[in-house]
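S.K.: If you scroll down you'll find the structure; I have some questions about it.
Coordinate-derived values only; no laboratory data. Worth saying up front: this structure is predicted, and the values here are computed from it rather than measured. Don't worry about glycine lacking a Cβ; one is built from the backbone with ideal geometry, like all the others, and counts go over all protein chains shown.
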Amino acid sequence: MIEHRWTALVSLLALLTYFWMSTQVPRARIKCGIHAPAMSGDPLLERTIRVHYNTLEWLPIFLVSLWMFAIYWSELVAAALGVVWILARIFYALSYYAAAERRGPGFLIQAVTTAVLLFGALGRIVYGLATGSA
Amino acid sequence: MIEHRWTALVSLLALLTYFWMSTQVPRARIKCGIHAPAMSGDPLLERTIRVHYNTLEWLPIFLVSLWMFAIYWSELVAAALGVVWILARIFYALSYYAAAERRGPGFLIQAVTTAVLLFGALGRIVYGLATGSA
Amino acid sequence: MIEHRWTALVSLLALLTYFWMSTQVPRARIKCGIHAPAMSGDPLLERTIRVHYNTLEWLPIFLVSLWMFAIYWSELVAAALGVVWILARIFYALSYYAAAERRGPGFLIQAVTTAVLLFGALGRIVYGLATGSA
């Protein structure tokens, strides 16, 4: 099976990026001296948790939209948009770690990328169902 | 590729419903005057966050069960159950936003729908493995 | 469609395990006498919530890696590793419910299993893209 290898590669790289974010939480705990299961008490810890959880919140939308776009429209466009999403998420994380008010641009780029994947896939699927085309 | 377009369509509509729930959180923040990253302090904000996160908690079960049912049993039954799930989730959200004690019926319908998808797919897969049928 | 039935079976069993964890939260609430939406106030409740949410955090990585390994490498190895993951997660849950300091071994086994699935799939996909093999 040779199909969709680029989509698979981008999915796994996105999940590695997400995993890297989760590893920042215990690091922030050590820096702040706040032990689990406390989830608050220091702005750096709270920002680090928000980066991790905001990405978790968006993962189902991103991953499903990525695959639907790849399967029903274009593998390579989906993979390219997936790379943009990963880079925007890394930029969002690093900006948000530095200061809460700097999180906007990275967040916006990943949101727009996800929207293009989702509405692109949705439009193509509806078009396919309406016209009966393959 | 013309396969599973209805399942894909329902998946993306479910994710749009979930995205709509996430957008209600900043709206509730403005109404209550409680800024991020605070996650509590007002019942309306807490209910809005619970709607979003309860749906996130159920998304992996729903999405995987939906696709397994569609692939191993029936595309159209899966898609129809998926539409019921989306409507139940919207009803759950609107009821829960209004009052915590009204969240029961919508939650129950989405839970039963998910259970039918999950155990339907599970039964069909075990049956297929046991009988070796296609 | 007879393909990937073992992967599908393991995915649904993993989601049932995860669902069982979610049902432990209201049970812990009754035991501790702490009502929703409060998410803290008793160590048993906090540990029960952490088991549920830690598994949710790992589900996207596990499920995607499981399927990528099954599709691009070996269905049966993926399914066997998936069973190890489920058993490790149950062991992790029961240990963590008993005492926070006993959660290590179960967590480690599921982490190593997920890493084998993720890097196994990643390696095979990159190898396939590099050599152009099927």
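S.K.: How tilted is helix C:75-98 with respect to the longest principal axis of chain C? Cα atoms for both, answer in degrees (0 to 90, nearest 10).
M.R.: Once rounded, one gets 10 degrees.
S.K.: Could you work out the Kirkwood radius for the range C:1-59, taking every pair of different alpha carbons, averaging 1/r and inverting it, reported in Å?
M.R.: By the Kirkwood definition, the hydrodynamic radius is 12.8 Å.
S.K.: What are the label-to-label distances in nm, one decimal and shortest first, from C:VAL84 to the same spot in the other copies, with labels 7 Å along Cα to Cβ?
M.R.: Going from nearest to farthest copy, the values are 3.9, 3.9 nm.
S.K.: From the convex hull of the Cα coordinates of the range A:57-134, what is the mean projected area in square nanometres?
M.R.: On the way: hull surface 20.4 nm².
Value for the range A:57-134: 5.1 nm².
S.K.: Give the Kirkwood hydrodynamic radius (Å, one decimal) of the range C:26-99, defined as one over the mean of 1/r across all pairs of different Cα atoms.
M.R.: Numbers: mean 1/r = 0.0714 Å⁻¹.
Final number for the Kirkwood radius of the range C:26-99 is 14.0 Å.
S.K.: Right, here's the next one. Running a GNM on chain B with Cα contacts under 10 Å, which residue among B:PHE107, B:PHE119, B:PHE69 ends up with the highest mean-square fluctuation?
M.R.: B:PHE119
S.K.: Helix C:104-131 against the longest principal axis of chain C: what's the angle in degrees, Cα atoms only, rounded to the nearest 10?
M.R.: For C:104-131 against chain C, the angle is about 20 degrees.
S.K.: Kindly give Rg over Rh for the protein assembly as shown, based on alpha-carbon atoms, with the Kirkwood expression for the hydrodynamic radius.
M.R.: Details: Rg = 20.7 Å, Rh = 22.0 Å.
Across the protein assembly as shown, the Cα-based Rg/Rh ratio is 0.94.
S.K.: Still on this model: If you wrap a convex hull around the alpha carbons of chain C, what volume per residue comes out, as a whole number of Å³? Each step should come with its number before you reach the end.
M.R.: Working: hull volume 14.6 nm³, N = 134.
Roughly 109 Å³ of hull volume per residue.
S.K.: Starting from 0.36 nm per residue, how many nanometres of slack lie between B:LEU16 and B:LEU94 once their C-alpha separation is accounted for?
M.R.: Once the chain is fully extended between B:LEU16 and B:LEU94, it gains 26.5 nm.
S.K.: In the Gaussian network model of chain A, springs joining C-alpha atoms below 10 Å, which of A:ILE71, A:ILE30, A:ILE90 carries the largest mean-square fluctuation?
M.R.: Greatest mean-square fluctuation among the candidates belongs to A:ILE30.
S.K.: Sorted from shortest, what are the nm distances separating the label point of B:ARG102 from equivalent points in the other copies, each placed 7 Å from Cα along Cα to C-beta?
M.R.: When each copy's label point is compared with this one, the spacings are 4.5, 4.5 nm.
S.K.: OK, next. If R0 is 56 Å, what FRET efficiency do you get for A:GLU101 and C:ARG102 from their C-beta distance, rounded to 0.05?
M.R.: Efficiency computed from Cβ-Cβ geometry: 0.85.
S.K.: Would you tally the net charge around B:GLN110, using a Cβ to Cβ cut-off of less than 15 Å, leaving B:GLN110 out, and scoring K and R as +1, D and E as -1?
M.R.: Cβ neighbours under 15 Å give a net charge of +3.
S.K.: If we hang a label 7 Å off Cα along the beta carbon direction at B:ALA115, how far is it from the matching labels on the other copies, in nm, shortest first?
M.R.: 3.9, 3.9
S.K.: Suppose each label sits 7 Å from its Cα in the direction of the beta carbon; what would the B:VAL126-A:VAL126 distance come out to in nanometres?
M.R.: 4.0
S.K.: Rounding to the nearest 10 and keeping the result within 0 to 90°, find how far the Cα-based axis of helix B:5-32 lies from the longest principal axis of chain B.
M.R.: Computed tilt is about 10 degrees.
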